[in-house]
1. Please work out the Kirkwood hydrodynamic radius for segment 3-63, using every pair of different C-alpha atoms, and report it in angstroms with one decimal place.
2. Suppose each label sits 7 Å from its Cα in the direction of the beta carbon; what would the GLU290-ARG140 distance come out to in nanometres?
3. Can you return the lysines within cross-link range of LYS369? Criterion is Cα-Cα under 25 Å, with same-chain partners fewer than 8 residues away left out.
4. Using C-alpha positions alone, give me the convex hull volume of segment 190-391 per residue in cubic angstrom.
5. Based solely on C-alpha atoms, express the radius of gyration and the Dmax of segment 12-139 in angstrom.
6. Name the aspartates and glutamates eligible as straight-distance cross-link partners of LYS383: C-alpha to C-alpha under 16 Å, and not fewer than 8 places from it in the same chain.
7. What does the charge add up to near LYS306, with Lys and Arg as +1, Asp and Glu as -1, over the other residues with Cβ less than 13 Å from its Cβ?
Amino acid sequence: MTGSATMSEPATVLLVDDEPRVLDSLEAMLGMHYRVIRTARPPEALEMLARERIAVVISDQRMPGMLGTDLLARSLEVSPETVRILLTAFTDADALMASINAANIYHFVLKPWDPKELLHIVGQGVQRYRLGEEREGLVRDLARKNADLEAALADLRAAQDHVVRETSLRTQLQRYVSPRLVDMAVANPALLELPGEWRQATVLFADIRGFTRLIETTRAPVMIRLLDEYFNRMIEVIFGHHGTVEQLIGDEIVALFGVPEGAEDAAARAVDAAVDMIDGVRHLARRWTEAGLPAFTIGIGLSSGKVMAGTIGSDRRRELIVVGRPMIAAARIQRMTRLFGAHIIAGEETFRQVSDSVSYRELGTPRLKGLKERTVLYEILGKKPAVAAVSRPV
């Protein structure tokens, strides 16, 4: 069937009888209330039922070529929702009831019919059809809404899973990397999934001078307070220059610039961070001294070059591991700060990348423990005034 009837449109009633006189009589009676279509041939009636939305079909029982009960039984296949009414003068009640049940006939009317009774039966049939249509519409609407709800729930579950993963990822990352890098990693988690590759990076190694003596002479609660304020300030500085805190071990800080994200200005950002870290420690020291607390200074070593970076661990805990000559060199260079009385010392490759923007003092080529090749070391005295004015992190 095609088309869709509405409640405001008159219902369609199909009349099937081989006698034109009977069709005329039925059409005259029903045409005032319904849209009536008619045929004298049962095969054509089946075509009409398949083609149109017909509320009620009224068929005579005895017709050439096909009984009314057979027609109505076959109509179940093409229009199961149509209400079927049988007109008959057949008086064998048992045989008639068997045929009616087989054809799922709503009502049968004996000839000659009572017009009022027939109108009432047809009216009930139309109401039954419309209730069925309404029920089917409600079922379809409910199924559609259920499908929409299932889709919405699936989207909600996916969104919840995404929020949980993002929250977990942020919780893991925010202790080690800058907020900007956290946002980048959340948007692209593959950024932190390094399979193991060589990266150009700058390593910053910072260490508190006289830490052992400081621990031995300072009460534990005071020492913890100093370290907490110190690490908090230093990490803020490193994050401010888009660095990554690779390790916090005792009094040591190992920070990376250029890993996991690559950047051509990694050395410049590392030097800027080192200068700001020294300024930050000086500020803390003044405040601690004014409060009657012990203070300390730090030394920072910087080394640039290729490092091997990769992500290792389990699904529950992943760690970024970085190895290579710059990691060792930065630690060894940091030890030179005490020997030369310097706060920041950079290796030759780091200095080469920032030489135009810093004030410096060349320190020669001392031997660094564990490294065969010697490198020229440079004390970084500070940023040149014109550069310092524009290099502070926002």
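1. 11.9 Å
2. Inter-label distance under the simple model: 7.9 nm.
3. LYS306
4. Enclosed volume per residue, from the Cα hull, is 136 Å³.
5. 13.6, 42
6. Partners within reach: ASP265, ASP272, ASP276, ASP279, ASP356, GLU362.
7. Neighbourhood net charge equals 0.
Throughout, read-outs are computed from the coordinates displayed, never taken from laboratory work. From a predicted model like this one, the values you see are computed outputs, not experimental measurements. Counting neighbours? That spans all protein chains shown, and the Cβs are built from the backbone with ideal geometry, glycine included.
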